[in-house]
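These notes concern the structure reproduced below.
Bear in mind that the values in this text are calculations on the coordinates, not laboratory data. This structure is a prediction, so every number in the text was calculated from the model and none was measured. We place every Cβ from the backbone using ideal geometry, glycine too, and count neighbours over all the protein chains shown.
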């Protein structure tokens, strides 16, 4: 592609973005409106750069169409109907997707790539609650005042809950399937233990790899942010100012807050990680803890339908296994419902319906297999 064709494409994109941000600014007020207008002004500066290069190359500058492209018009229409918050996440993602458009463009100004990356952070901030103070003081006060927000971001609690549920449902279905075939109690017991061990190790390995990969990704993002903070501190400070203005602070307060944060590199990195990347540097995830939690939880859930076959056989063992499994499903479902806010009764009923249904189907299939073998 000729460089003048690239200039024309960039010019059209910058004009369209500027027009859309200015249109969206008319749908709000205060600092949100100012933030959108500032984004539009940045796009105007970029457009002026490409117009200057086109003029120097002797290419006629096309007239601004004065209307939004179809996709942008649809975004604005949705914002008019549902409000600005309804489109912010889509706009943020679009900006992230286009953030590298100037990385390999030799004729772009040095700051243009950084400007484009800042747009996504500003849009993310527009939909967030106002931030008045920073670092550890606010975090500690929030945890003390609202303990229900103290979630286990490492993933261990989630892994434990789903581990118990998965172990209970899958091994109950397995035990019921073997019991349905009419084989002896020792065979059912062996199958139950095999399912317990295989499932627990599989669950632990899967969780370990998942959380370890996620943690590695988060650490790389933090390392890149630390590098940008060291190489371009003024640009990072400006980014913080834009984020805080988008969150509701006036321009002067946003500037003072950003300057105060940037005095301490560690505080600056911590704040940028939370505000821009959405990461908690103090809790990126512990793969070993999550894996151990998953293994133990799955084993606990999977042991429920197996225990009766340690002491009983035949119909007595089957009846007790069913009763214990149903009771455990009620307890697990109720716990999940309480933690999630879904409701104890509703969540417990769903757990019994799904888990019991799976066990019933495998029992029937096992019976059919046993009949065929007989």
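Here are some notes:
- Estimated FRET transfer efficiency when R0 is 45 angstrom, pair residue 346-residue 82 (beta carbons, to 0.05): 0.95
- Centroid-to-centroid separation of the range 100-125 and the range 289-316 [C-alpha atoms, Å]: 54
- Between 0 and 90 degrees, the angle of helix 185-231 with respect to the longest Cα principal axis of the chain falls at about 10 degrees.
- Helical contribution to [θ] at 222 nm, DSSP H n ≥ 4, -39,500 (n - 2.57), averaged over the chain, rounded to 500: -26000 deg cm²/dmol
- Listed peptides 30-36, 69-75 by packing density, highest first (mean Cβ within 10 Å): 30-36, 69-75
- Using alpha carbons only, the radius of gyration of the chain set against its Kirkwood radius gives Rg/Rh = 1.15.
- The length gained by stretching the chain between residue 89 and residue 111 to full extension, at 0.36 nm per residue less their Cα-Cα distance, is 5.5 nm.
- Here the spin labels are modelled as points 7 Å beyond Cα on the Cα-Cβ line, and at residue 280 and residue 8 they lie 5.2 nm apart.
- Crossing angle, helix 287-303 versus the chain [Cα axis fit, 0-90 degrees, rounded to tens]: 30
- Look at 295, 190 and count the other Cβ atoms within 10 Å of each Cβ; fewest to most, that gives 190, 295.
- Among 228, 275, the order by Cβ neighbours within 10 angstrom, fewest to most, reads 228, 275.
- Counting only alpha carbon atoms, the long axis of helix 314-340 and the longest principal axis of the chain meet at about 20°.
- Ranking of 172, 315, 26 by count of other Cβ atoms within 10 Å, fewest first: 315, 26, 172
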